[in-house]
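Notes to accompany the following structure.
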Amino acid sequence: MNERVGQLASISLDCPDTGQLADFYIQLLGLKEAFASPDRGVVALAGAGPMLTLMRVDNFVAPSWPAGPQRQQMHLDVAVKELEDSTSAAVELGATLAEYQPSPRQWRVLLDPAGHPFCLTAVRPD
């Protein structure tokens with residue numbers, strides 16, 4: 001077995017407004033702001049394993065899901081105890097329920113305020 005070079009420190013998301021997205025993920029995941037650049041073009045949130053870093057991009061184009069010209073390149077899966085109440089809570093925070101739901105009994109696909117797809121899931125390994 002090879003020795004690792006490092007460990008995952010952060011997952012970064014491009015967005016048009018780091019403050020708006022930081023507020024959303026702070027409330028959705030119970031995170032805390034760990035770092036912000038002086039112009040708040042980069043905001044890092046901590047409290048759930050690797051940090052979630054939000055990076056302002058002036059020409060941001062929201063991904064389209066499940067298909068389209070700007071396809072998603074990654075998404076977050078958020079573990080929840082119960083899908084219905086958790087979905088309602090996420091929507092109250094500013095998420096939008098995605099029109100296409102491939103497996104709604106196992107995963108609920110939502111879009112964050114910047115349009116990134118993410119899933120709520122109650123699926124657990126045995």
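The values are calculated or read from the model by the stated rules, or taken from the named source; none is laboratory data. Quick caveat, the model's predicted, so the values are computed rather than measured. Here the Cβ is made from the backbone with ideal geometry for all residues, glycine too, and neighbour counts use every protein chain on show.
A few comments on the model shown:
- Restricting Thr53, Thr121, Thr96 to residues that are in contact with a strand residue (DSSP E or B) (Cβ under 8 Å, 6 or more places away or on another chain), closer than 13 Å to Tyr25 by Cα and not charged (D, E, K, R) narrows the list to Thr53.
- Per-region count, the range 105-126, residues outside any strand (DSSP E or B) and modelled with pLDDT of 90 or more: 5
- Leading residue by the ranking (surrounded by the fewest Cβ atoms within 10 Å (Cβ to Cβ)) among those in the range 2-51 that are in a loop (DSSP other than H, G, I, E, B) and among the charged types (D, E, K, R): Glu3
- Residues that are of a type outside the set (Lys, Arg) and either assigned by TED's automatic domain parsing to the domain that holds Ala22 or surrounded by fewer than 16 Cβ atoms within 10 Å (Cβ to Cβ) (or both), drawn from the range 64-75: Ser64, Pro66, Ala67, Gly68, Pro69, Gln70, Gln73, Met74
- Meets criteria (within 27 Å of Gly19 (Cα to Cα) and among the small types (Gly, Ala, Ser)) for Ala114: yes
- Taken over the range 1-56, residues that are at pLDDT below 90 and of a type in the set (A, V, I, L, M) amount to 5.
- Residue match in the range 76-94 (condition: part of a loop (DSSP other than H, G, I, E, B), at negative phi, under 13 Å from the mean Cα position of the chain (by Cα) and surrounded by 12 or more Cβ atoms within 10 Å (Cβ to Cβ)): no
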